[in-house]
Structures are given as C-alpha cells and as structure tokens.
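Student: Before anything else, here's the structure in question.
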Amino acid sequence: MGSKLTIAIIIPTLNRPRYLKETLASLSLQSYLPDEVIVVDNGPTQDSNEILNNFKGVLNIRCIREKERSIPKARNCGIKHTSSDILVFTDDDCILDIHWLENAI
C-alpha cells in the first residue's frame, strides 16, 4: 500500500500583515488541512512571526526569509524549503473558501 501524499501551501508575503492574518485564518478553517504551510517573508521590514504564532496550534506553519523582493523568488524559496509531494500556492491577500484545498487536490 502507498503512503499518503503530503501537501504544502506556499504563501509569499511583503509588508501586509493584516492581509496575511486573514489569509491564514481562512486557511486554518479549511475542510482539509495541509501538512505544512510555508510563509515566505519577502520584505525585511515585516515581522511575520507574531502573526504566524497565532496559528501554530492549528497549522504546521513556518516562516522563511527571502531578501530579494520578487514573487517568483519567494515562491521558489518556498519550494526549496519543503519536501511535500504536492505544492499549492496562494497569495497573502486571499480569503480562501472553506473547501479551497479539498477542491484543489
């Protein structure tokens, strides 16, 4: 028998803590939770750790820093820091429908 495929959500963010918090809140309410969430902080002036700490009990979440400001660089940085089988991307200003991940996979 094969093992279950793992799923990672990768979220680039740049100085939008309010939006990131709303995105993570909607992600935490998903009907199917991901195995890991990687937030790629693309701006050195933003401290995402406080926001992420609010979701640590619900989501397996971590923050990676990418100094070069670029959405493609941030996404690629997230890819480099996961070993999940399935990668799903969203932005830091999305409010996700409760069945978003379930329907995506």
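Student: Over all directions, what mean area does the Cα convex hull of the chain project, stated in square nanometres?
Tutor: On the way: hull surface 25.8 nm².
With every direction weighted equally, the projected area is 6.4 nm².
Student: Determine the sum of side-chain charges near Asp91: Lys and Arg each +1, Asp and Glu each -1, restricted to other residues whose C-beta is under 13 angstrom from that of Asp91. If you can, show how the numbers build up before the last one.
Tutor: On the way: positive: Arg16, Arg75; negative: Glu22, Asp92, Asp93.
After counting each charged neighbour, the total is -1.
Student: Relative to the compact globular guide of 2.2 N^0.38 Å, what is the alpha carbon radius of gyration of the stretch 51-105, as a ratio? Could the numbers behind the result be given before it?
Tutor: On the way: Rg = 12.6 Å, N = 55, 2.2 N^0.38 = 10.1 Å.
That ratio works out to 1.25.
Student: Excluding Ile105 itself, what net charge comes from residues whose Cβ is under 12 Å from its Cβ, given Lys and Arg +1 and Asp and Glu -1?
Tutor: Working: positive: Lys4; negative: Asp35, Asp85, Glu102.
Result for the local shell: -2.
Student: How much net charge surrounds Gly78 when only the other residues with a Cβ under 15 Å from the Cβ of Gly78 are counted, with Lys and Arg +1 and Asp and Glu -1? Mind dumping the intermediate values first?
Tutor: On the way: positive: Arg62, Arg65, Lys67, Arg69, Lys73, Arg75, Lys80; negative: Asp35, Glu36, Asp41, Glu66, Glu68, Asp85, Asp91, Asp92.
Computed value for this residue: -1.
Student: Helix 71-80 against the longest principal axis of the chain: what's the angle in degrees, Cα atoms only, rounded to the nearest 10?
Tutor: 50
Student: On to the next question. Name the residues of the stretch 1-29 whose amide N is less than 17 Å from a point 7 angstrom out from the Cα of Ile95 along the C-beta direction?
Tutor: Within reach of a label on Ile95, which here means backbone N under 17 Å from a point 7 Å along Cα→Cβ, the stretch 1-29 contributes 17-29.
Student: In debye, nearest 20, what is the charge dipole magnitude of the chain about its Cα centre with +1 on Lys and Arg Cβ and -1 on Asp and Glu Cβ, if you could check?
Tutor: So the magnitude is around 300 debye.
Student: Using helices alone, what [θ] at 222 nm do you get for the chain, with -39,500 (n - 2.57) per DSSP H run of 4 or more residues, divided over all residues and rounded to the nearest 500?
Tutor: Computed mean residue ellipticity for the chain: -8000 deg cm²/dmol.
Student: Averaged over all directions, how much area does the convex hull of the C-alpha atoms of the stretch 3-54 cover when projected, in nm²? Don't skip to the answer; put the middle values down first.
Tutor: Details: hull surface 15.8 nm².
Convex hull of Cα atoms, orientation-averaged projection: 3.9 nm².
Student: I need the shape label for the stretch 25-75. Rule: rounded when a/c is under 1.5, else prolate if a/b > b/c, else oblate, with a, b, c from the alpha carbon gyration tensor.
Tutor: Values: a/c = 2.74, a/b = 1.71, b/c = 1.60.
Judged from the Cα gyration tensor, the stretch 25-75 comes out prolate (a/c at least 1.5, a/b above b/c).
Every number here is computed from the coordinates shown, using simple stated rules; none is lab data. Since we're looking at a predicted model, the values are computed, not measured. Please note: Cβ atoms are built from the backbone with ideal geometry, for glycine as well, and neighbour counts cover all protein chains shown.
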